[in-house]
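See structure below.
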Amino acid sequence: MEREEVKSILESLLFVADGPLTVQRFAEVVDGVDKAMIHGLLQELQSDLEAPNRGLQLVEVAGGYQLRTAKINGDWVKKLLGGRPARMGRATLETLAIIAYRQPITKAEIEAIRGVDVDGVITTLLERNLIRAVARKDVPGRPFLYGTTTEFLQLFNLNDLTDLPTLKETDEISLPEISRDVIPLEQAEES
Amino acid sequence: MSTRVELEIFEGPLDLLLHLIKKNEVSITDIPIATITEQYLATLDLLQTLSLDVAGEFLVMAATLIHIKSRMLLPVGDDGGDDEDDGLDPRDELVRRLREYQRYKEAAQDLDQREVLSRDVFTRSASPTEDAGPRGFREVSVFELLAALKRIIDRLPKDSFHEVTLEKITVREKMTHLLDILRAQPSILFESLFAEASSRMEIIVTFLAMLELVKVRAIRIVQEEMAGPIVIEAAADMDGVARA
């Protein structure tokens with residue numbers, strides 16, 4: 001297949017996809033084209049769209065590629081779609097930030113940082129699929145440990161967790177990493 | 001305390017303290033504890049006057065501040081072995097908490113400034129957080145689940161009195177079991193989940209385990225059509241990135 005032909009196929013796939021598409025997925029659909037080429041073509045599409053006055057952008061998010069509207073046109077899109085934008089309150093955002101940087105983390109640990117009860121916020125975040133229980137902590141009561149989801153990455157336009165901006169004064173903070181007293185959810189009940 | 005009322009919703013005692021520290025233009029590492037405590041208590045009074053609910057956490061912090069203030073008044077070092085004082089600044093622990101909280105408060109602001117999906121930027125479907133589940137399945141309501149549970153309990157043989165041994169099965173064991181099944185196969189029918197259950201107790205425990213897993217989003221319960229078979233499947237893995 002011609003290079004430009006493949007590029008046009010990729011663009012069509014991106015248009016219809018309802019989530020970020022990975023290079024792997026493109027390779028499965030457009031069989032016979034190697035991943036390096038797909039990757040290169042996606043980069044080309046990305047820079048094509050960076051030209052001035054384009055209404056779309058190709059972002060790398062949650063490990064895949066996705067077409068999104070240009071930020072500058074946000075108000076017009078909102079007007080068309082109607083409805084109120086889902087505003088996220090400060091409590092929700094702060095809790096989410098703590099979970100994002102400190103995952104896996106228990107509710108009690110979040111409460112220790114925020115100084116307030118986070119029951120309601122955790123429920124909201126679970127309902128919105130932005131966090132999920134990833135394991136149980138091997139301490140009395142075996143509380144759930146929460147972590148962020150793919151939806152979280154999509155919401156904040158992050159490719160993966162290392163994409164998170166570095167915390168200010170990072171002295172005592174370690175980036176997401178499973179510590180030893182953690183049991184994967186699947187085995188949590190066996191011992 | 002000025003008479004100008006500045007109402008702001010504080011996310012908690014730490015948030016209120018940070019606000020006061022900023023307002024007084026003092027350093028977080030050298031908090032004038034007497035001033036800040038006074039203003040903190042005044043704010044609580046104000047909140048109470050306005051009949052706003054002052055949560056317990058705010059009161060705990062008030063007590064902490066007063067405690068720190070009193071300890072600051074004591075001469076350092078010659079307290080004759082009071083357990084807490086090791087020549088440390090009584091404010092240290094509070095400072096540590098404030099700094100940690102502030103760090104995440106800023107991180108939250110950073111997140112908020114990103115190109116947030118469905119607020120700043122949009123995708124074609126424009127409702128990506130709406131998780132309808134794959135293949136056009138629909139989520140099952142609790143009532144449908146309860147009806148299904150009743151069908152299973154009704155199917156139990158009525159004459160099972162002779163069973164004497166009480167098998168103890170915990171919800172946790174059942175949760176593990178269910179997750180094991182879903183690791184081996186992508187999904188399982190609601191009905192077959194209960195196929196091996198021999199007692200009412202076991203059925204109920206299994207049911208509770210299932211609900212618990214739904215609650216923490218480890219599994220998902222879906223149905224292809226009204227009154228169709230109910231299917232239990234593992235929730236999308238957070239590592240298995242979007243296959244569109």
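Tabulated results
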quantity	calculated
Selection status of A:Arg128, in contact with a helix residue (DSSP H, G or I) (Cβ under 9 Å, 6 or more places away or on another chain), surrounded by fewer than 23 Cβ atoms within 10 Å (Cβ to Cβ), within 10 Å of chain B (Cβ to nearest Cβ) and free of Cβ contacts under 8 Å to residues at least 24 places away in the same chain	yes
Residue within the range A:164-173 that is over 28 Å from B:Val60 (Cβ atoms), surrounded by 16 or more Cβ atoms within 10 Å (Cβ to Cβ), within 7 Å of chain B (Cβ to nearest Cβ) and modelled with pLDDT of 90 or more present	no
Conditions (1) open to solvent by less than 20 Å² (accessible area, probe 1.4 Å); (2) facing chain B (nearest Cβ under 10 Å); (3) more than 15 Å from A:Leu155 (Cα to Cα): number failed by A:Glu111	(1)
Residue list for the range B:1-33, filter: among the acidic types (Asp, Glu), at pLDDT 90 or above and either open to solvent by 90 Å² or more (accessible area, probe 1.4 Å) or over 22 Å from B:Thr49 (Cβ atoms) (or both)	B:Glu25
Pair list, Cβ under 7 Å, 6 or more apart: the range B:161-184 residue assigned to a helix (DSSP H, G or I), other residue open to solvent by 70 Å² or more (accessible area, probe 1.4 Å) and at pLDDT 85 or above	B:Val171/B:Leu208
Spans of helices (runs of 4 or more DSSP H) in the range A:1-104 with at least 3 residues facing chain B (nearest Cβ under 10 Å) and open to solvent by 30 Å² or more (accessible area, probe 1.4 Å)	A:3-16, A:23-29, A:74-81
Residue list for the range A:135-157, filter: over 17 Å from B:Asp112 (Cβ atoms) and more than 7 Å from chain B (Cβ to nearest Cβ)	A:Ala135, A:Arg136, A:Lys137, A:Asp138, A:Val139, A:Pro140, A:Gly141, A:Arg142, A:Pro143, A:Leu145, A:Tyr146
The range B:34-57, subset more than 18 Å from B:Asp89 (Cβ to Cβ) and at pLDDT 90 or above, residue most open to solvent (accessible area, probe 1.4 Å)	B:Glu38
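The values are calculated or read from the model by the stated rules, or taken from the named source; none is laboratory data. None of these values were measured; they are calculated from a predicted model. Using ideal geometry, Cβ is built from the backbone for each residue, glycine included, and neighbour counts are taken over all protein chains shown. Just so you know, the surface numbers come from the protein's heavy atoms only, side chains and all, with ligands and any DNA or RNA stripped out. Shrake-Rupley method; radii C 1.70, N 1.55, O 1.52, S 1.80 Å.
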